[in-house]
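The values are calculated or read from the model by the stated rules, or taken from the named source; none is laboratory data. Quick caveat: nothing in here was measured; it's all calculated off a predicted structure. Here the Cβ positions follow ideal geometry from the backbone for every residue, glycine too, while neighbour counts run over all protein chains shown. Each accessible area value is taken on the protein alone, full model and side chains, heavy atoms only, with ligands, DNA and RNA left out. Shrake-Rupley method; radii C 1.70, N 1.55, O 1.52, S 1.80 Å.
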Amino acid sequence: MAQPDSVHRLYGVPHSLYTGIARCYLRTQGIEYVELPTSHPDFAGRIMPVIQRSIIPVLETTGGEVVQDSLDIIDHFERQGVRYSAYPQGLLQSVLGVIIAYYGTQALLPHAMHYRWTYRDRQEGFLRDQFAAGIGPEMADKVMSRMNSYLPQLGVTDHTIPEIEASFEQLLETLNAHFAEHPYLFGGRPSLADYGLIGPMFAHLGRDPVPENLMKTRAPKVFRWVERMTAPGLDTPEFPDYGDDFLPSDAIPETLEPLLRQVADEIFPMLTDKLAFLDTLVAEHQPEDGQPVSAKPHQRYVGAVETAFRGVPVQAGVQPYLLYVLRKADEMLAESPAEEQARVREALTVRGLVEALPGDRGYTVDRRNHIEVWQRG
């Protein structure tokens, strides 16, 4: 257990996708914190022995509790009560928020990594400066080379790159139209959907020179949303009379429907194929409840599937973590009245997103002692 401190500590770096999610949440809520890099001696000396791997973000609370994972950090503070809860009261908004968070934290990983590393020669100076600032020049070389090598398992190939770039440009156009009318995805405050989306849209696509330039020139309203998400509180001077709550009556704005269609078009069939892979893996190996999902704590991928992205065949790595994210939607539904469940499932079906709910598969993924494990039953 870490030692108590006078202020929360967030271990992370500016160019980290998942750190960006936690940072935006802390700033929105006005939660006092200090951000420290992994090169800080306390990370190796006190944090890593607790979390059992080198991974960010990690929150060390003022009471000495250690919380790893951006979504867990959000939920830690939600349980305590915050000014701007990330969870709408409307069930449909909440469930769609989880699905969009999955889209941002998982399905947009190829976009984030493609623009960072495929265009490395055009932004080498910026990237080297950013990586070296957190871990030093020598270690930066090693980490950058390792990150660069992840592209194939993310499905970034010569065949998929045109579709990845078309996808990003479509996303910019869609979000630009939405943020012209609404400050956040579901209204006057950020939801889990905004936090999930901001990860790649800030750390990689909103900071690295090549995609940032695309965002600024093609979708200035999106860039402004990125600024809004990273500012303290609710930075909404363009919407003086909008209010700070989610849209009433569980409404989904018309301007968000194109995004939901794009999410449905792009997460399938890849998500379906990954879930089938995990079904087979669990059936063959019959892991016990609480057994780690991989042989080593730092190992995130457990295999690869032959699948497709926007109609282009591709091989993609499978992270059991995807179930840890999407199970939230199933849990929200399970806690709701039957008629509400039916209403939301119908709304998801109409939008082609009902299969994003993992459902009861006889297993899921939990996190215990900071490690992803199989949860059975």
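I'd like the residue in region 149-162 that is in a helix (DSSP H, G or I) and open to solvent by 50 Å² or more (accessible area, probe 1.4 Å) and, out of all such residues, is farthest from Thr118 (Cα to Cα). Outline the logic, then answer.
Residues of region 149-162 in a helix (DSSP H, G or I): 152-154, 161-162.
With the extra rule that they be open to solvent by 50 Å² or more (accessible area, probe 1.4 Å), the set shrinks to 152-153, 162.
Working: Pro152: 11, Gln153: 14, Pro162: 12 Å.
Per the criteria, the residue is Gln153.
More than 23 Å from Thr28 (Cα to Cα) and either at pLDDT 95 or above or surrounded by fewer than 19 Cβ atoms within 10 Å (Cβ to Cβ) (or both): is that true of Ala101 in this structure?
For Ala101, the condition - more than 23 Å from Thr28 (Cα to Cα) and either at pLDDT 95 or above or surrounded by fewer than 19 Cβ atoms within 10 Å (Cβ to Cβ) (or both) - is not met.
Could you list all residues from region 163-198 that are among the polar types (S, T, N, Q) and not in a loop (DSSP other than H, G, I, E, B)? Even if it seems obvious, please write down each step before you answer.
So the first thing to find is which residues in region 163-198 are among the polar types (S, T, N, Q), and the list is 167, 170, 174, 176, 191.
Of everything in region 163-198, those that are among the polar types (S, T, N, Q) and not in a loop (DSSP other than H, G, I, E, B) turn out to be Ser167, Gln170, Thr174, Asn176.
What strands (runs of 3 or more DSSP E) lie completely within region 18-85 and have 2 or more residues being of a type outside the set (S, T, N, Q), modelled with pLDDT of 95 or more and closer than 28 Å to Pro292 by Cα? Please lay out each step first, then the result.
Working: elements: 33-36, 58-60, 66-68.
Fully inside region 18-85 and qualifying: 58-60, 66-68.
Can you tell me which residue in region 47-86 is surrounded by the fewest Cβ atoms within 10 Å (Cβ to Cβ), limited to those that are of a type in the set (D, E, K, R) and under 19 Å from Met229 (Cα atoms)?
From region 47-86, those of a type in the set (D, E, K, R) are 53, 60, 65, 69, 72, 75, 78-79, 83; that's our starting set.
From the residues that got through so far, the ones that are under 19 Å from Met229 (Cα atoms) too are 69, 72, 75, 78, 83.
Working: Asp69: 24, Asp72: 16, Asp75: 16, Glu78: 15, Arg83: 12.
Only one residue fits best here, namely Arg83.
Within region 114-161, restricting attention to residues that are farther than 21 Å from Val318 by Cβ and among the basic types (Lys, Arg), which residue is nearest to the chain's Cα centre (by Cα)?
Step by step, filter region 114-161, then rank; the result is Arg116.
Name the pairs whose Cβ atoms lie under 7 Å apart, with the first residue in region 319-348 and over 20 Å from Tyr363 (Cβ atoms) and open to solvent by 40 Å² or more (accessible area, probe 1.4 Å), the second part of a helix (DSSP H, G or I) and of a type in the set (A, V, I, L, M, F, W, C), and 6 or more positions between them or separate chains?
Glu340/Leu91; Gln341/Leu333; Arg345/Val354
Residues in region 89-101: is at least one in contact with a helix residue (DSSP H, G or I) (Cβ under 9 Å, 6 or more places away or on another chain), touching a residue at least 60 places away in the same chain (Cβ under 8 Å) and over 30 Å from Ala264 (Cβ atoms)? Walk me through it before giving the result.
To start, the set of residues in region 89-101 that are in contact with a helix residue (DSSP H, G or I) (Cβ under 9 Å, 6 or more places away or on another chain) comprises 89-101.
Pick out the ones that are also touching a residue at least 60 places away in the same chain (Cβ under 8 Å) and you get 89-101.
Filter again for over 30 Å from Ala264 (Cβ atoms), leaving none.
The answer is no, given that none of the residues of region 89-101 is in contact with a helix residue (DSSP H, G or I) (Cβ under 9 Å, 6 or more places away or on another chain), touching a residue at least 60 places away in the same chain (Cβ under 8 Å) and over 30 Å from Ala264 (Cβ atoms).
Could you go through region 284-304 and let me know if any residue there is part of a helix (DSSP H, G or I) and over 28 Å from Tyr84 (Cβ atoms).
Taking region 284-304 as the starting set, the residues that turn out to be part of a helix (DSSP H, G or I) are 284-285.
With the extra rule that they be over 28 Å from Tyr84 (Cβ atoms), the set shrinks to 284-285.
Yes, because at least one residue in region 284-304 is part of a helix (DSSP H, G or I) and over 28 Å from Tyr84 (Cβ atoms).
Looking only at region 229-249, decide whether some residue is open to solvent by less than 10 Å² (accessible area, probe 1.4 Å) and of a type outside the set (Gly, Ala, Ser). Even if it seems obvious, please write down each step before you answer.
Our first condition is that a residue be open to solvent by less than 10 Å² (accessible area, probe 1.4 Å); within region 229-249, this holds for 229.
Cutting the leftovers down to of a type outside the set (Gly, Ala, Ser) gives us 229.
Checked region 229-249: at least one residue is open to solvent by less than 10 Å² (accessible area, probe 1.4 Å) and of a type outside the set (Gly, Ala, Ser).
What's the number of the condition Tyr18 fails, among (1) open to solvent by 20 Å² or more (accessible area, probe 1.4 Å); (2) more than 17 Å from Gly134 (Cβ to Cβ); (3) among the hydroxyl-bearing types (Ser, Thr, Tyr); (4) within 15 Å of the chain's Cα centre (by Cα)?
In the conditions (1) open to solvent by 20 Å² or more (accessible area, probe 1.4 Å); (2) more than 17 Å from Gly134 (Cβ to Cβ); (3) among the hydroxyl-bearing types (Ser, Thr, Tyr); (4) within 15 Å of the chain's Cα centre (by Cα), Tyr18 misses (2) alone.
Just give me the residues in region 358-376 being without any contact (Cβ under 8 Å) to a residue 40 or more places away in the chain and either of a type outside the set (Asp, Glu) or part of a helix (DSSP H, G or I) (or both), in sequence order.
In the first step, residues of region 358-376 are kept if they are without any contact (Cβ under 8 Å) to a residue 40 or more places away in the chain; the result is 359-360.
If the condition is that a residue be without any contact (Cβ under 8 Å) to a residue 40 or more places away in the chain and either of a type outside the set (Asp, Glu) or part of a helix (DSSP H, G or I) (or both), then Gly359 is the only one that fits.
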